[in-house]
Structure formats: C-alpha cells, structure tokens
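Before any comments, here is the structure.
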Amino acid sequence: MEAAFPMIYFLLFLSTLLLYHVPKKQKGKDIQKAKLPPGTMGWPYIGETLRMYSEDPNVFFANKQKRYGDIFKTRILGCPCVMVASPEGARFVLVTNAHLFKPTYPKSKERMIGPSALFFHQGNYHSRLRKMVQNSLSPEALRNLVQHIEALAICSLESWATKEQVINTFHEMKKLSFEVGILAIFGQLDTKRKEELMENYCIVNKGYNSFPTNLPGTAYYKATKARRKLYEIISEIICERKEKKTVEKDLLGRLLNFKDEKGHTLMEDQIADNIIGVLFAAQDTTATALTWILKYLHDEHKILQAVKVEQIAIYECNEEGKKPLTWIQTRNMPFTHRVILESLRMSSIISFTFREAVTDVFYDGYLIPKGWKVMPLFRNIHHNPDFFADPWDFDPSRFDAAPKPNTYMPFGNGAHACPGNELAKLLMLILIHHLVTNYRWEVIGSQGVIQYSPFPVPQHGLPARFWKENKIN
Ligand code: HEM
C-alpha cells in the first residue's frame, strides 16, 4: 500500500502537467486562427468618438449591432474596444471569465474618487470589501432604514409641493438620493455635516465629469480641492465615531471594524475612498432612475392608475397614511415593483460597462487582444426584441415571468454587480407610495429628447410641478 503512494503522486503530477500543457497548446492554435471581431476603428487615435457623440451613443451602438452582429470592434477615446451585445457574451466577460477582464477607469477619475474604492479592484481586497458593503446594504440592514427613508421621501415631496413652482426633477432626486446614501453610510448625521458633505460632493461630481486639467479655475481643479475637503470632513466624523466607542452597523461602522486575513485594519484614506465611492455609485444612478419612473408614470395613465390601486390599498391599511409604511409592506408591492423593473429596462441608465482584457482572450471565434477595452452593452440586450417583445412599449407585465438568464442586467452581473440595488429599489417603492397616494404632478414642456449627465436623463431634468391631493383618481 505504502509503495503505491509515489506512483499516485507521479500520476497526479503527470496529469497536472498534461492538463496545463494541452489546453495551452490548443489555445495558442486557436488564437493564431482567431481574427478580430468585425467593425471599423475610425480615425487614428480619436477613432469613432466624434461619430458616437454626434449620433448619440445609444443609436451608435444599436446601428453597429445591426450591421456587425453581437460582437464588434471600434475605437473610442483613443482605446481599441470590443463591444459585446449578447447575454452569453456579457456573462462570459462579467461572470464566467471575469478574472480575464479587470475593471478599468481613466486615471483622473480614479484619483477623484480615490484609488482604494472597491470598484477599481479585483481579487481578495475587492471581495472582502464588497462582502462588507453588501452586508451593510442587505435586506436585514435595510429593514431598519424604512422609517428614515420614508421621512426623507415625505420631506422631499412636501418641499416640491409647497414651493408651488416648477422644479428640476433630476436635481431634486439627486438631493434625495444623496440623503439616502448618507443615511446608509453614516446613519443619522447632523444637518450641518450633511450640508458640508453635499456642497463639496457636488463640486467633486462636476469635476469628475469635466476635462481633467489642474489649471486654477477649471472644474477639475476645484473638484480636487473639494475632494481634499471631503476627506477632512470624513476624517472628523471618523474621529467622533472612535471617541464615542459605539459599534454601529452602518457602512462606516463596518469599514472601521474591517480586518483583512492578516488582521490588518483599513487606513483612513481607504475608508474615505470607499465612502466617496459608494456615494458616487449611489447618487446619480438612483436619481436618474427615479426621474425616469416619474416620467413613465406621468405618460402611462393606465399604469399609474394600477399603481394607485395597489398603493391606496396599503394607504388604507395604514389608517389613511397615519401609520408608517412597514418593511413587509414594501416587500409586497408586486405591481409597483414590476413598474420599477420595467422603468430600469426601458431607461437602461447604465447602458454599458467597461472592462480591460488582462491577456489575449478567445471568444466565439474572435480574438480580444490583451489591453483592449471590452464593453458589455446592457442597453442593447434590454432592447433586443428576441428577449423583450416590443421593447419600446412600457409593459410591466413582461416581468410577470422572470426574464431569460443574463438578459436583464440594470444592476450589472457577476463579481462587480451592484450591491446597492435593494436600497435603490426600496427608495423607489417608498417614494412612489407617497407620491401616488398624496400628490399629483405635471411634466412641463415636451420631453422627447434625452440628455447625458452622464447617464441618460429626460430633457432639462424633467421640469415638473407637484401639488398635494390625496383623493383617489
Ligand atoms: C438605480 C440605481 C442604481 C443602478 C442602476 C446601479 C447600477 C450599477 C451597476 C450596473 C453596477 C456594476 C458596474 C460594473 O459592473 O462595472 C454597479 C456597481 C456598484 N454599485 Fe450600483 N447602481 C445603483 C444604485 C446603487 C446604490 C444605491 C449604491 C450604494 C448605496 C450602489 C453601489 C454600487 C457599488 C459600490 C458598486 C461597485 C461594486 C463592485 O465593484 O463590486 N449602487 N451599480
């Protein structure tokens, strides 16, 4: 029996060698045969950037897919890119072969948010941090936030209605989403601190989307200064938290208690980068989605009526809104939930995401060369009639059945999928409840055009007037 061990080791060693060797050889042969995906690269360096922006990025990608199919190449902002517009392709890049594609952002943007923010990372650091962020935004954690989110939603609606003037819906939704983000990160924070954070965050946000030059007076320069101020404010809050010695379960509390596998805690700048990162990921996305929901509900009268029926039943259960919404009630709004899913599909506010091939990758007979950007096109998939019949019709009932696998990805997919999706949906449900049971609103002006800021938003941020009216119909 003992004599068998060296033999077993030898066989294991041999099979490992073979396993390692054979696919490598095959891969080499395949790559030699493989060609680049179809498509045009445009001008040297700028590639097809000008065409993409002059045409509207979504139209540009849709036309390319029509012409070349589900995988095609182009060059944008100096980078050779491969676009992937099939569910299988998106899954290959984001899930099954995610290790071959790293997240990639321009360095100027990475500096602005903070290089330690989780979405710039892969591997151990990323997965540990992500788990913690996910826990702080899990249904168990969100349960305790319902009453606070409700208070913020009511306060926003009241202020829009009492102003009795036209508001920029997108701007107002940004304020509300920011407050909810602050709540999830810091718990209750005093008004002065919130205002300081908001003021500096807005400057950083503007700079993030501007041309990165450090010339005094430019938006980027101002943003760099505001980023330093944000760090100071977060440091002060951390200091106070440490003095209090309380163990909070909000994101800050969890970041302060974080330990890696060697027992090392996070440095203050790592904590700040992740807080700013989460604020970034949370605010414009949620605000954009909320703005679209208001537009769709405004335009789709029958759907608004059906949402009202569902919400009024809950309102009546709560003694005409005298009792607060409960967590269980927010989990039992099936039609409103489908309206949210359909709004996210229709608007597809994150049209695509970016990765970079860390090695030559072979997919579907094509070569994706090392260093090329790879972009799974969520919007193209969401608007493909093969997966969503009559994709331009707003039809929440299409979600009566679950969509086909990997065809519905408003929150991404795989290791970097959105950990904030439940929080975003909870805010939407709560806001819709109070909106349709207590208020009316009208959209001002025609709203055919989409603007990019940077996500697609209805023209002029959907100007609207709100007023209080808690009568049915
Ligand atoms: C409607 C609202 C939202 C949408 C549509 C959205 C969408 C997304 C998408 C598509 C990704 C994946 C990006 C990629 O793979 O490159 C993502 C990642 C992320 N989102 Fe969201 N998001 C929303 C709200 C939120 C909220 C409210 C939070 C936090 C409070 C949040 C935090 C994050 C974080 C931290 C990541 C990075 C995850 C990682 O890299 O592991 N998001 N989001």
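The values are calculated or read from the model by the stated rules, or taken from the named source; none is laboratory data. Fair warning: this is a prediction, and the values are worked out from it, not measured in the lab. Backbone-built Cβ (ideal geometry, glycine too); neighbour counts: all protein chains shown.
Looking at 242, 259, 323, 295 in this structure, which one is more than 17 Å from residue 125 (Cβ to Cβ), more than 12 Å from the ligand (Cβ to nearest atom), basic (Lys, Arg) and within 29 Å of the chain's Cα centre (by Cα)? Result of the check over 242, 259, 323, 295: 295. Can you confirm whether segment 106-115 contains a residue that is more than 12 Å from the ligand (Cβ to nearest atom) and touching a strand residue (DSSP E or B) at 6+ places or on another chain (Cβ under 6 Å)? The answer is no, given that none of the residues of segment 106-115 is more than 12 Å from the ligand (Cβ to nearest atom) and touching a strand residue (DSSP E or B) at 6+ places or on another chain (Cβ under 6 Å).
For segment 400-430, the tally of residues that are more than 8 Å from the ligand (Cβ to nearest atom) and more than 16 Å from residue 331 (Cβ to Cβ) stands at 9.
For the structure I just gave you, tell me whether residue 177 is crowded, with 21+ Cβ neighbours inside 10 Å and under 17 Å from residue 432 (Cβ atoms). Taking the combined requirement at face value, the residue satisfies it.
A single member of 186, 120 is within 13 Å of the ligand (Cβ to nearest atom), without any contact (Cβ under 8 Å) to a residue 40 or more places away in the chain, within 24 Å of residue 272 (Cα to Cα) and in contact with an Asp or Glu (Cβ under 7 Å, 6 or more places away or on another chain), and it is 120. Pairs meeting the criteria (first residue in segment 360-385 and under 30 Å from residue 344 (Cα atoms), second residue small (Gly, Ala, Ser) and surrounded by fewer than 21 Cβ atoms within 10 Å (Cβ to Cβ), beta carbons under 8 Å, at least 6 apart or on different chains) are 377/351; 378/351; 378/412; 379/351; 380/62; 383/62. When residue 464 is tested against (1) in contact (Cβ under 8 Å) with a residue 60 or more places away in the chain; (2) within 16 Å of the ligand (Cβ to nearest atom); (3) crowded, with 16+ Cβ neighbours inside 10 Å, exactly one condition is not met: (2).
Every residue, every condition in (1) over 25 Å from residue 180 (Cα atoms); (2) buried (at least 20 other Cβ atoms within 10 Å of the Cβ), yes or no:
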residue	(1), (2)
412	no, no
415	no, no
436	no, yes
444	yes, no
451	no, no
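Only one of the listed residues (333, 346) is more than 16 Å from the ligand (Cβ to nearest atom), within 30 Å of residue 152 (Cα to Cα) and either at pLDDT below 95 or surrounded by 16 or more Cβ atoms within 10 Å (Cβ to Cβ) (or both). That residue is 333.
Counting the residues of segment 285-330 that are out of contact with any Ser or Thr (no Cβ under 9 Å at 6 or more places or on another chain), closer than 16 Å to residue 154 by Cα and part of a helix (DSSP H, G or I) gives 1. Filtering segment 431-450 to residues that are under 24 Å from residue 384 (Cα atoms) and either within 16 Å of the ligand (Cβ to nearest atom) or not in a loop (DSSP other than H, G, I, E, B) (or both) leaves only 450. Of these, 413, 421, which one is of a type outside the set (A, V, I, L, M), over 23 Å from residue 318 (Cα atoms) and without any contact (Cβ under 8 Å) to a residue 12 or more places away in the chain? Of the residues listed, the single one that is of a type outside the set (A, V, I, L, M), over 23 Å from residue 318 (Cα atoms) and without any contact (Cβ under 8 Å) to a residue 12 or more places away in the chain is 421.
Taking the criterion of being of a type in the set (A, V, I, L, M) and within 12 Å of the ligand (Cβ to nearest atom), the residues of segment 349-376 that qualify are 349, 350, 374, 375. State whether the residues of segment 406-423 include one that is at pLDDT 95 or above and closer than 18 Å to residue 170 by Cα. No: zero hits. Among the residues of segment 133-169, the ones that are within 13 Å of the ligand (Cβ to nearest atom) and crowded, with 20+ Cβ neighbours inside 10 Å come to 5 in all. Does at least one position in segment 443-455 carry a residue that is over 20 Å from residue 171 (Cβ atoms), touching a strand residue (DSSP E or B) at 6+ places or on another chain (Cβ under 8 Å) and modelled with pLDDT of 85 or more? No - not one qualifying residue is present in segment 443-455. For segment 384-403, does any single residue satisfy the condition of being in contact with a Lys or Arg (Cβ under 6 Å, 6 or more places away or on another chain) and under 24 Å from residue 123 (Cβ atoms)? No - not one qualifying residue is present in segment 384-403.
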